[in-house]
Number of protein chains: 2
Amino acid sequence: MSSVTKTLALLAYFSPSRPEIGLSQLCRLAKRDKATTYRHLQALEDAGFIEQNATTKLYRLGPALLQLAQVRELTVPQKVGAEAALAALSDATGETAHVTVLSGSTVYPLASHESQLHGTRAIMDVQTFPLHATASGLCALAFGPDTLFDIAVSKMESYTANTVTTPVELRKIVARIADTGFGYANRSYEDEIQGVSAPIFDQSGQYAGAVSVACVATRFTPELEQIIKQKLVAASRDITRSWGGVLPSSIEASWTRSLSHPHTLENAS
Amino acid sequence: MSSVTKTLALLAYFSPSRPEIGLSQLCRLAKRDKATTYRHLQALEDAGFIEQNATTKLYRLGPALLQLAQVRELTVPQKVGAEAALAALSDATGETAHVTVLSGSTVYPLASHESQLHGTRAIMDVQTFPLHATASGLCALAFGPDTLFDIAVSKMESYTANTVTTPVELRKIVARIADTGFGYANRSYEDEIQGVSAPIFDQSGQYAGAVSVACVATRFTPELEQIIKQKLVAASRDITRSWGGVLPSSIEASWTRSLSHPHTLENAS
DNA sequence: TTTATCGGTTCGTATTTTGAACCGTTGTTT
DNA sequence: AAACAACGGTTCAAAATACGAACCGATAAA
């Protein structure tokens, strides 16, 4: 592991719920040596990726990130291109909706929207979505590059009693998702949360990300599932078009098939 | 220079006008070895800071930046807290207005607004503002930590015929800014652009950043200067309050003084 | 066929990174 | 007030890693 990777990994410890971190605390969190961590923080500070509160000595994320993010979104306007569809999806289903993107072999959150609050909410505390345990991640496995499967297998951490734990089971679930056109995760990442996803594709027909609905499991009836799936299809078409992408006809066919022959996700898992 | 610093410096080559860069081109831009640069890019890609266009092999900024920027803005809501005042300033003066923040010893752009287009514009292509040649940078020298001066002196690159080139001159300009309460830069960074700034302070009374108006030099009359200064004071008060800061009374006194005894910036330089 | 450029890889050298121990300060406990 | 603990930050010899010249295969122009 390069020193660059180790240094950048420190940034992931900052979150809305833990926005400021001291040197010693960060060492404990990252299980790193203090001298090393200090030097890493210096490098990040030099680059403007973090800054230090002069009075408390705590570190927090820095202003250079805003600038780079602005360039990214100006170059690849995914977020702004997904927000309208996301709001519509969330409002129509009454549940939280979010969009994720696949970059390399990692699934990142892009935007989320909660119907209750009726406002675009900050990105969740989740930094990256595990491939094997979330609806978005499973979508990536089913519709993204085949090389992802081995990577997912090598990181099969268990989050709940329902997290899939064997490569064989995972293969079965992925096959089912590739067949139906919808990713699903039944309490496999967070207890009592059930997720359903639809894939999004880019201009070259490659898998780009997923749009998902995360639903409190007790509210998840077959009727709601049917509504969610219909709205997910609309959202996926909308976002894919907005990103300049094209939906493979096989996906459209899968959706038509699974929407006309509904069967709940309860059977699976 | 650590490998981390070298790696992060690569990100600065991405901009709205050059959003995608190939390996060889980046090596030329950064004057680095190909193998080294490739490894650095790998590390950045692993962290999601860049991603590679699968078909063209060009690299571009990655989605992890959006997420970190979101956490930063959620933690330190500077951008959202400055936008209203910025729009008002730009509309009232008819010129481009922007806000910068000081982090460590670097001045970063935060947001900008152009009156002509009547919309919040993307951050300028400028990555960081030189301390000695911009109104924002000079504000930081005049009102920020004293240690900045030596750093500025060690980086006195010349951008135009008007760029200040000697520490003695710089010291004089900084003293004048500290006295008047307004930063100014008369065609010292970009030809034909004249900048005026007012400082912004944080909750502990420390210098936090500056709000500025960038004006085409030919349009810069004493009358416009007076209007700009008045509106800058209002914007600085507004943004400082929005950031939870307090303006030192000495600054308010300077403003009162220099607004009641107007003298154009032409005399200086 | 030759030549140039591209993205990416190899491997021995040597520079950089590393972490145990240490320092001075601050705030709490005895 | 003495002892203690935790904090941010620093030192230096030992060791891991970063480095870059040379190389590879592919692609595209001459």
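The conditions of being more than 18 Å from the chain's Cα centre (by Cα), within 14 Å of chain B (Cβ to nearest Cβ) and either surrounded by 21 or more Cβ atoms within 10 Å (Cβ to Cβ) or touching a residue at least 40 places away in the same chain (Cβ under 8 Å) (or both) are met by A:GLY205.
Residue-by-condition table, conditions (1) β-branched (Val, Ile, Thr); (2) closer than 22 Å to B:ILE50 by Cα; (3) modelled with pLDDT of 95 or more:
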site: A:THR7; (1), (2), (3): yes, yes, yes
site: A:PRO16; (1), (2), (3): no, no, no
site: A:TYR59; (1), (2), (3): no, no, yes
site: A:LEU66; (1), (2), (3): no, yes, yes
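For region B:15-40, the candidate set comprises residues that are over 20 Å from A:LEU74 (Cα atoms) and charged (D, E, K, R); within that set, the residue that is nearest to the other protein chains (Cβ to nearest Cβ) is B:ARG39. Residues that are in contact with a strand residue (DSSP E or B) (Cβ under 8 Å, 6 or more places away or on another chain) and more than 7 Å from chain B (Cβ to nearest Cβ) were ranked within region A:57-71; the one that is farthest from A:LYS6 (Cα to Cα) is A:LEU58. Against the numbered list (1) without any contact (Cβ under 8 Å) to a residue 60 or more places away in the chain; (2) surrounded by 15 or more Cβ atoms within 10 Å (Cβ to Cβ); (3) hydrophobic (A, V, I, L, M, F, W, C), A:CYS215 comes up short only at (1). Among the residues of region B:206-222, at least one is farther than 23 Å from B:GLU157 by Cβ and in contact with a Phe, Trp or Tyr (Cβ under 6 Å, 6 or more places away or on another chain).
Within the set B:VAL99, B:VAL126, the sole residue that is touching a helix residue (DSSP H, G or I) at 6+ places or on another chain (Cβ under 8 Å), assigned by TED's automatic domain parsing to the domain that holds B:TRP243 and away from DNA strand C (no atom under 16 Å from the Cβ) turns out to be B:VAL99.
Table: residues versus (1) closer than 20 Å to A:THR100 by Cβ; (2) of a type in the set (D, E, K, R).
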| position | (1), (2) |
| --- | --- |
| A:THR166 | no, no |
| A:ARG187 | yes, yes |
| A:ILE200 | yes, no |
| A:GLY209 | yes, no |
| A:VAL246 | yes, no |
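Which is in a strand (DSSP E or B), in contact with a strand residue (DSSP E or B) (Cβ under 6 Å, 6 or more places away or on another chain) and farther than 25 Å from A:ASN53 by Cα, of B:ALA198, B:ALA185, B:ALA210? Spell out how you get there, then give the answer.
Working: B:ALA198 fails: farther than 25 Å from A:ASN53 by Cα; B:ALA210 fails: farther than 25 Å from A:ASN53 by Cα.
The conditions single out B:ALA185.
For region B:30-39, a residue qualifies if it is in contact with a Leu (Cβ under 9 Å, 6 or more places away or on another chain) and away from DNA strand C (no atom under 11 Å from the Cβ), and the qualifying residues are B:ALA30, B:ARG32. Number of residues in region A:123-138 that are more than 11 Å from every other protein chain (Cβ to nearest Cβ) and closer than 22 Å to A:VAL80 by Cβ: the value is 2.
If only residues of region B:72-114 that are among the acidic types (Asp, Glu) and free of Cβ contacts under 8 Å to residues at least 60 places away in the same chain are counted, the one that is nearest to the other protein chains (Cβ to nearest Cβ) is B:GLU73.
A:LEU11 meets the conditions (1) more than 8 Å from DNA strand D (Cβ to nearest atom); (2) in contact with a Ser or Thr (Cβ under 7 Å, 6 or more places away or on another chain) in every case but one. The failed one is (2).
Confirm whether A:VAL99 is away from DNA strand D (no atom under 16 Å from the Cβ) and assigned to a strand (DSSP E or B). Yes; evaluated as a whole, the condition is true for this residue.
B:ARG60 - would you say it is in contact with a helix residue (DSSP H, G or I) (Cβ under 7 Å, 6 or more places away or on another chain), of a type in the set (Lys, Arg), not assigned by TED's automatic domain parsing to the domain that holds B:THR128 and not in a helix (DSSP H, G or I)? Yes; evaluated as a whole, the condition is true for this residue.
Filtering A:ILE251, A:ILE239, A:ILE173 for residues that are of a type outside the set (S, T, N, Q), in a helix (DSSP H, G or I), within 16 Å of the chain's Cα centre (by Cα) and within 19 Å of A:ALA140 (Cβ to Cβ) leaves a single hit, A:ILE239.
Could you say which residue among B:ALA54, B:ALA43, B:ALA12 is at the interface with chain A (Cβ under 7 Å from one of its Cβ atoms), surrounded by 16 or more Cβ atoms within 10 Å (Cβ to Cβ) and either outside any helix (DSSP H, G or I) or more than 8 Å from DNA strand C (Cβ to nearest atom) (or both)? Break it down stepwise before answering.
Values: B:ALA54 fails: surrounded by 16 or more Cβ atoms within 10 Å (Cβ to Cβ); B:ALA12 fails: at the interface with chain A (Cβ under 7 Å from one of its Cβ atoms).
Only one candidate qualifies: B:ALA43.
The values are calculated or read from the model by the stated rules, or taken from the named source; none is laboratory data. Owing to the predicted nature of the structure, the values given are computational and were not obtained by experimental measurement. FYI the Cβ positions are ideal-geometry reconstructions off the backbone, even for glycines, and counts take in every protein chain you see.
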